[in-house]
1. Give Arg177, Arg155 a once-over and let me know the one that is assigned to a strand (DSSP E or B), of a type in the set (D, E, K, R), under 22 Å from the mean Cα position of the chain (by Cα) and closer than 27 Å to Leu11 by Cβ.
2. Go through segment 85-122 and report how many residues are over 13 Å from Gly58 (Cα atoms) and assigned to a strand (DSSP E or B).
3. When segment 179-235 is examined, which residues are found to be farther than 19 Å from Ala140 by Cα and β-branched (Val, Ile, Thr)?
4. Can you pull out the residues in segment 145-199 that are within 15 Å of Glu213 (Cβ to Cβ) and of a type in the set (Asp, Glu)?
5. Tell me which residues, restricted to segment 154-171, are touching a Lys or Arg at 6+ places or on another chain (Cβ under 8 Å) and surrounded by 20 or more Cβ atoms within 10 Å (Cβ to Cβ).
6. When the residues of segment 32-70 are filtered to those that are touching a strand residue (DSSP E or B) at 6+ places or on another chain (Cβ under 8 Å) and among the acidic types (Asp, Glu), which remaining residue is modelled with the lowest pLDDT?
7. Could you grab me the full set of residues in segment 205-235 that are part of a strand (DSSP E or B) and open to solvent by less than 30 Å² (accessible area, probe 1.4 Å)?
8. Are there any pairs, at least 6 apart or on different chains, whose C-beta atoms fall under 8 Å, with the first in segment 124-144 and within 16 Å of Ala168 (Cα to Cα) and the second of a type in the set (S, T, N, Q) and open to solvent by 30 Å² or more (accessible area, probe 1.4 Å), and if so, which?
Amino acid sequence: PVVLIASPAHLKRLPDTQDWQPLSRALRAVFSSGGALPADAARDVLRLWGQAAIEVFGSTETGGIAWRRGDGSRTPWQPLPGVEWRLQDDVLEVRSPHLPSMAWWATSDRAFASGDGGFQLLGRADRIVKIEERRISLDAIETRLRESEWLDEVRLLALPGPRTLLAAVAVPTLQGRALLDAEGRAVFSQRLRGWLSGHCDPIALPRRWRFPEALPADARGKTSERALAALFRPL
């Protein structure tokens with residue numbers, strides 16, 4: 001019997017050509033931690049391995065906070081045993097035996113109560129940037145872009161300079177890659193800006209775009225802002 005502990009960086013790259021039957025017969029549970037599991041990856045795990053991944057949400061500082069079944073839907077997060085949570089100005093705070101003390105610990109995550117004892121995450125509070133005196137949520141723009149049929153993954157960052165610009169690193173889907181090849185980067189970028197139109201302030205529309213085959217990742221499967229910024233040098 002096998003329990004598999006993995007990260008989204010690995011689970012979103014499962015090849016269809018692999019014979020997964022020996023694993024799926026022995027697999028008792030699969031855990032995913034280290035970041036949000038994309039909906040497509042969650043559905044692939046369920047399709048190829050016959051069961052939904054158990055997502056674990058937490059951080060290095062807090063340890064595990066909550067869990068949910070990663071079946072591709074927006075299932076609310078449920079607190080792990082012994083973990084208490086509350087919201088202070090929409091920011092998630094936790095009290096847990098994994099922390100050095102039983103004082104409330106303020107995370108950097110925004111959330112809202114789902115009404116069933118759990119919560120939904122709204123994105124990180126530290127991913128709010130100010131452009132032209134307007135507060136822009138990078139998470140909200142990324143969520144809208146991922147809802148298109150042309151992008152598989154996307155990360156936004158603010159490029160410093162005389163005028164702050166938003167930049168996007170986007171991994172196209174197969175359909176998106178075909179459009180990119182056929183239309184060129186300028187037209188494809190404009191298509192994505194049109195998708196965002198009406199869903200965010202015009203000042204928040206990304207001005208710079210990169211379309212790699214995959215997001216840059218370190219040995220742990222993490223994508224750092226430094227690695228993303230390096231894709232825009234020179235601008």
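1. Arg155
2. Within segment 85-122, residues that are over 13 Å from Gly58 (Cα atoms) and assigned to a strand (DSSP E or B) number 11.
3. Val187
4. Answer for segment 145-199, where residues must be within 15 Å of Glu213 (Cβ to Cβ) and of a type in the set (Asp, Glu): Asp152, Glu153, Asp181.
5. Val154, Leu166, Ala168, Val169, Ala170
6. Asp40
7. The answer is Trp209, and nothing else.
8. These pairs meet every condition: Val129/Thr164; Ile131/Thr164.
The values are calculated or read from the model by the stated rules, or taken from the named source; none is laboratory data. Small disclaimer: the values here were computed from a predicted structure and weren't measured. Counting neighbours? That spans all protein chains shown, and the Cβs are built from the backbone with ideal geometry, glycine included. Side chains are part of the model used for accessible areas, which takes the heavy atoms of the whole protein and leaves out ligands, DNA and RNA. Shrake-Rupley method; radii C 1.70, N 1.55, O 1.52, S 1.80 Å.
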